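All of the numbers you see were taken from the coordinates with simple rules; none came from a lab. Worth saying up front: this structure is predicted, and the values here are computed from it rather than measured. Cβ coordinates were reconstructed from backbone atoms using ideal geometry, including for glycine residues, and neighbour counts include every protein chain displayed.
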Amino acid sequence: MRKLKLEELGRISMEEYQVIAKVPIVAVLDSIRSALNVGSVFRTADAFAIEKIVICGISATPPNREITKTAIGATESVTWEYVEDIKDAVMKLKMEGYSIIGVEQTDQSLMLNQLRPTDEKIAVIFGNEVDGVSDEILNDLDYCIEIPQHGTKHSLNVSVCAGIVLWELAKRYH
């Protein structure tokens with residue numbers, strides 16, 4: 001066994017990436033405190049060819065040194081936009097036909113492995129590292145999901161959470 005060299009990975013160019021079909025999933029970042037976490041979501045979105053990222057509230061936006069550290073160029077490949085108010089972002093996505101899924105522990109959450117979305121277009125809300133998804137949008141969500149966990153902790157880092165959730169949702173398109 002040997003590690004593959006970069007040129008052996010068969011990665012597409014930035015130009016090719018811009019024209020490939022994207023997975024109809026939008027990652028919405030609801031006041032993410034850490035720019036490193038924002039950058040990680042960019043990198044994940046690029047890896048799974050996610051349609052776009054909507055950045056809200058206090059979340060850092062590119063160009064940003066900390067985002068660049070973890071995104072490693074994905075801010076150039078992934079489409080993104082900033083919408084200051086999370087409620088405005090959610091309403092806009094609903095009007096565009098997206099099913100809105102919050103990643104949050106609620107009394108009505110489904111476990112990620114139980115979610116069977118039938119909608120073609122999905123927007124996934126990833127909440128603040130301390131407070132989670134904004135309370136003001138909970139009633140606007142079509143679903144709430146959480147990742148099954150079996151240890152003593154009841155949460156994951158938001159960038160890890162985004163990686164798991166986006167992979168689970170995107171793999172049905174690939």
Report the residue count in the range 27-59 for those that are free of Cβ contacts under 8 Å to residues at least 60 places away in the same chain, more than 14 Å from Phe126 (Cβ to Cβ) and among the aliphatic types (A, V, I, L, M). 2
Identify the single condition in (1) surrounded by fewer than 18 Cβ atoms within 10 Å (Cβ to Cβ); (2) closer than 18 Å to Ala162 by Cβ; (3) touching a residue at least 40 places away in the same chain (Cβ under 8 Å); (4) hydrophobic (A, V, I, L, M, F, W, C) that Val90 does not satisfy, given that it satisfies every other one. (1)
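Yes or no, residue by residue, for (1) surrounded by 14 or more Cβ atoms within 10 Å (Cβ to Cβ); (2) assigned to a strand (DSSP E or B):
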| site | (1), (2) |
| --- | --- |
| Ala123 | yes, yes |
| Glu136 | no, no |
| Lys153 | no, no |
| Gly163 | yes, no |
| Leu166 | yes, no |
Take the conditions surrounded by fewer than 19 Cβ atoms within 10 Å (Cβ to Cβ) and within 27 Å of Leu141 (Cβ to Cβ) and apply them to Asp30. Does it pass? no
Please list, ordered by first then second residue, the pairs with beta carbon atoms under 9 Å, 6 or more apart or interchain, first in the range 146-174 and under 17 Å from Ala45 (Cβ atoms), second hydrophobic (A, V, I, L, M, F, W, C) and surrounded by fewer than 12 Cβ atoms within 10 Å (Cβ to Cβ). Tyr173/Ala21
Please work out if Val103 is closer than 30 Å to Ile12 by Cβ, free of Cβ contacts under 8 Å to residues at least 40 places away in the same chain and in contact with an Asp or Glu (Cβ under 8 Å, 6 or more places away or on another chain). no
Could you check, for the range 20-32, whether at least one of its residues is touching a Cys at 6+ places or on another chain (Cβ under 7 Å) and of a type outside the set (A, V, I, L, M)? yes
Does Glu66 meet the test of being in contact with a Leu (Cβ under 7 Å, 6 or more places away or on another chain) and surrounded by fewer than 22 Cβ atoms within 10 Å (Cβ to Cβ)? yes
Please go through (1) within 25 Å of Glu146 (Cα to Cα); (2) in contact with a Lys or Arg (Cβ under 6 Å, 6 or more places away or on another chain); (3) buried (at least 19 other Cβ atoms within 10 Å of the Cβ); (4) hydrophobic (A, V, I, L, M, F, W, C) for Ala74 and return the number of the only condition it doesn't satisfy. (1)
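Would you check which residues across the range 95-109 are surrounded by 10 or more Cβ atoms within 10 Å (Cβ to Cβ) and aliphatic (A, V, I, L, M) and list them?
Step one: of the range 95-109, the residues surrounded by 10 or more Cβ atoms within 10 Å (Cβ to Cβ) are 96-106, 109.
Residues satisfying the conditions are Ile100, Ile101, Val103.
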Pair list, Cβ < 7 Å and 6+ apart or interchain, from the range 1-18 residues that are closer than 15 Å to Val78 by Cα to residues that are not hydrophobic (A, V, I, L, M, F, W, C): Met14/Glu76; Met14/Ser77; Tyr17/Ser77
